[in-house]
Amino acid sequence: MTQPDPKLLSNIRIVLARTSHPGNIGAAARALKTMGLSQLYLVQPYLFPNSQAEAMAASAGDLLAQAHVCNTLDEALAGTTLALGVSARRRDIVTEVLTPPESAVRLLTEAQVGPVALVFGNETSGLSNEELSLCQGLVTIAANPEYSSLNLAAAVQVLSYEIRQNWLQHPSWPTPEIDAAKLDDVERFYAHLETTLAELEFLNQGSPGKLMLKLRWLFARTRLAQEEVNILRGILTAAQTAKRLAAKTRN
Ligand code: SAH
């Protein structure tokens, strides 16, 4: 029987955003290593490196030593084609909510072609709207509705376990249907969209409000292919040119 490909696990980044307790970083590293994952990304950890993290990592100290410490979530997600936010149920975000096994299948399929990520939030406040706006979907662990908030490292363990079980069960995966755009290119498209909408006076550049967030979720629901991002940017450039020409003719 064909063995599952270890490259798939090494293409999955586990990103912890603004972690307050260093012990949770260590426990998360242990959770990853027991499931064969290795790519730990830390965005603005409150305390790191730290002896409590080392103690909780036990024999997973190597993952802490190799952890990628980043200033921003954009930096941690650079080069990825899929980022899923892990969050208890949020009614304010209109997007598909995946179960842990569904997210594992998505991540492993896409990991055949490049890096992908799961993003976990801060212990007290969870993921901010800005952090969620960089994700293309949400994963929720269906827990006790009366108390659904798991410890951060426990949530990491649940998702890592699902990834490993799905990885073990599938010696091969179908090729992803689209040549998905990288997050960096999608972010450049959103910046271009915002500038163009401001030039067209469709939005007030000083206060884009919820509109940009809504547009991000609209595009996140349909996975953008690289070619589609290029087409959309071409349309924006054409709109900008037309607007500038019209302004010149008026003057
Ligand atoms: N009070 C915070 C809880 C954060 S717990 C909140 O309401 O969001 C820290 C992190 O663990 C969360 O950001 C999330 O990534 C993960 N987590 C905890 N419970 C979860 C659940 N039931 N489903 C999905 N993720 C969960």
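The values are calculated or read from the model by the stated rules, or taken from the named source; none is laboratory data. The model shown is predicted, which means the values in this text are computed figures rather than measured ones. Note that we place each Cβ from the backbone using ideal geometry, even for glycine, and neighbour counts take in every protein chain shown. Surface accessibility is based on the protein's heavy atoms, side chains included, excluding ligands, DNA and RNA. Shrake-Rupley method; radii C 1.70, N 1.55, O 1.52, S 1.80 Å.
Summary of values
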read-out	value
For region 160-165, Karplus couplings with θ = phi - 60° (6.51, -1.76, 1.60), whole Hz, Gly/Pro x	5, 4, 4, 4, 5, 4
Stretch in the chain that is longest and holds no GluC sites (Glu not before Pro) that DSSP places in a loop and that have at most 16 other beta carbons within 10 Å	1-95
Amide H contacts of Tyr41 (H built 1.01 Å from N, under 5 Å, at least 5 apart or other chain)	Ile14, Val15, Leu16, His68
Computed magnitude of the charge dipole of the chain (debye, nearest 20; Cβ of K, R +1, Cβ of D, E -1)	460 debye
Between 0 and 90°, nearest 10: helix 226-250 axis offset from the chain longest Cα axis	30 degrees
Theoretical gain in end-to-end length, Asn251 to Gln112 [0.36 nm per residue, Cα-Cα removed]	44.6 nm
Amide H contacts of Val139 (H built 1.01 Å from N, under 5 Å, at least 5 apart or other chain)	Gly85, Val86, Ser87, Leu98
For region 110-185: accessible area per residue (Å², 1.4 Å)	48 Å²
Label zone at Thr222, where the point sits 7 Å out along the Cα-to-Cβ direction: region 96-136 residues whose backbone N lies under 19 Å	96-97, 135-136
Lysine-lysine proximity count for the chain, Cα under 25 Å, sequence distance 8 or more or distinct chains	6
Whole-Hz ³J(HN,Hα) from phi, Karplus 6.51 cos²θ - 1.76 cosθ + 1.60, for region 127-142, glycine and proline x	8, 6, 4, 5, 5, 5, 5, 8, 9, 9, x, 10, 10, 10, 8, 5
Relative contact order computed over the chain (Cα-Cα under 8 Å; 6+ residues apart), in percent	22 percent
Share antiparallel - DSSP beta bridges, the chain, percent rounded to 5	10 percent
Residues Gln169 and Ala65, FRET efficiency given R0 of 25 Å [Cβ-Cβ distance, rounded to 0.05]	0.20
Under 14 Å, Cβ to Cβ, from Ala17 - net charge with Lys/Arg +1 and Asp/Glu -1	-3
Cα long-axis angle, helix 22-34 against the chain (0 to 90 degrees, to the nearest 10)	80 degrees
Rounded to whole Hz, the Karplus (6.51, -1.76, 1.60) HN-Hα couplings of region 115-120, x for glycine and proline	x, 9, 9, 10, 10, 10
Dipole of the chain [Lys/Arg +1, Asp/Glu -1 at C-beta], most positive-end residue of Ser38, Val105, Ser59	Val105
Fraction of accessible area attributable to carbon and sulfur, the chain (%, probe 1.4 Å)	54 percent
Modelled FRET efficiency - R0 45 Å, Arg233 with Thr34, Cβ distances, 0.05 increments	0.55
Amide H contacts under 5 Å for Leu82, placed H, 5+ residues apart	Ala117
